[in-house]
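**Student:** So that we are looking at the same thing, I have put the structure below in structure tokens.
The values are calculated or read from the model by the stated rules, or taken from the named source; none is laboratory data. Computed from a predicted model, the values in this text were never measured in an experiment. Methodologically, a virtual Cβ is constructed for each residue, glycine included, from the backbone with ideal geometry; neighbour enumeration extends over all protein chains shown. For accessibility, only protein heavy atoms count, side chains too; no ligands or nucleic acids. Shrake-Rupley method; radii C 1.70, N 1.55, O 1.52, S 1.80 Å.
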Amino acid sequence: MNTILRKSVLGIAGLAFTGGVFAGPVAAHAADTTTPTKPVAVTVQGDKLIPHGVQGEQSRIDLDDEQTANVKAIIAATKKAGMDERAAVVSIATALQESKLENLGHLGDRNDHDSQGLFQQRPSSGWGTVEQITDPEYSTTAFLKGLKQVDGWQDMPLTKAAQTVQVSAYPDHYAQWEQQAADLVAEHWNN
């Protein structure tokens, strides 16, 4: 990563941290329906989807039609960006952690600062306007743009790659969604 770009990314990350970004699941999901499960082999595990194996216990949620549409939007944006299945797995796992794949608008007092959308991106941190970050294609493209700037993201454990882009107060929480994200990519990549 070039020096100017690295300083910009680190500057935004530092600003977001000092501004009190403590991401993770938003309070709207207090009645969490997450089911912890033991790691299971994915049907199409291969090197592309889960190159390092899953880390820790895995969580899984049932998806409704809106969440499934958001999975498909993330996959479409990933393909449009010219990135592979692994990028889609990282993106979907991140969105599962941040919003449970729900395109969240402003939640009032339950909002984490001004975080919105699938990836809980913040307009005040330079991710885009509210209209942009609540558009699944735009927010995915913005996430992927950040991921592309992470040197060696393809060779990192998912949670480290996601954390480098998201700068969450809960950096290890992304790992719990890797299996479900890989399963969703295996199911929807060729549709």
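**Student:** Based solely on C-alpha atoms, express the radius of gyration and the Dmax of region 84-163 in angstrom.
**Tutor:** When restricted to Cα atoms, region 84-163 yields Rg and Dmax of 12.4, 39 Å.
**Student:** Another question, then. Need one number: nm distance between label points at K148 and A69, each 7 Å from Cα along Cα→Cβ, rounded to one decimal.
**Tutor:** In this crude label model, K148 to A69 measures out at 2.7 nm.
**Student:** Averaged per residue, what accessible surface does region 75-191 expose to a 1.4 Å probe, in Å²? If you can, show how the numbers build up before the last one.
**Tutor:** On the way: 4420 Å² over 117 residues.
Result: 38 Å² of accessible area for each residue.
**Student:** Here's something else I'd like to know. Starting from the Cα of N190, move 7 Å in the Cα-to-Cβ direction to define the label point; list residues of region 48-89 whose amide nitrogen is under 16 Å from there.
**Tutor:** Residues 48-49, 85-86 qualify, since their backbone N sits under 16 Å from the label point.
**Student:** Over 18 Å between Cα atoms: which of K79/K145; K80/K160; K79/K100; K48/K100; K79/K160; K48/K148 fall into that group? Kindly include the intermediate steps, with their values, before the conclusion.
**Tutor:** Details: K79/K145 13 Å; K80/K160 24 Å; K79/K100 21 Å; K48/K100 23 Å; K79/K160 22 Å; K48/K148 16 Å.
From K79/K145; K80/K160; K79/K100; K48/K100; K79/K160; K48/K148, over 18 Å: K80/K160; K79/K100; K48/K100; K79/K160.
**Student:** When only C-alpha pairs under 8 Å and at least 6 residues apart count, what is the relative contact order of region 71-191, in percent?
**Tutor:** Values: 157 pairs, mean separation 35.8, N = 121.
Relative contact order comes out at 30 percent.
**Student:** Which FRET efficiency, nearest 0.05, do K79 and D172 yield, Cβ-Cβ r, R0 25 Å? Mind dumping the intermediate values first?
**Tutor:** Details: r = 29 Å, r/R0 = 1.15.
That gives a FRET efficiency of 0.30.
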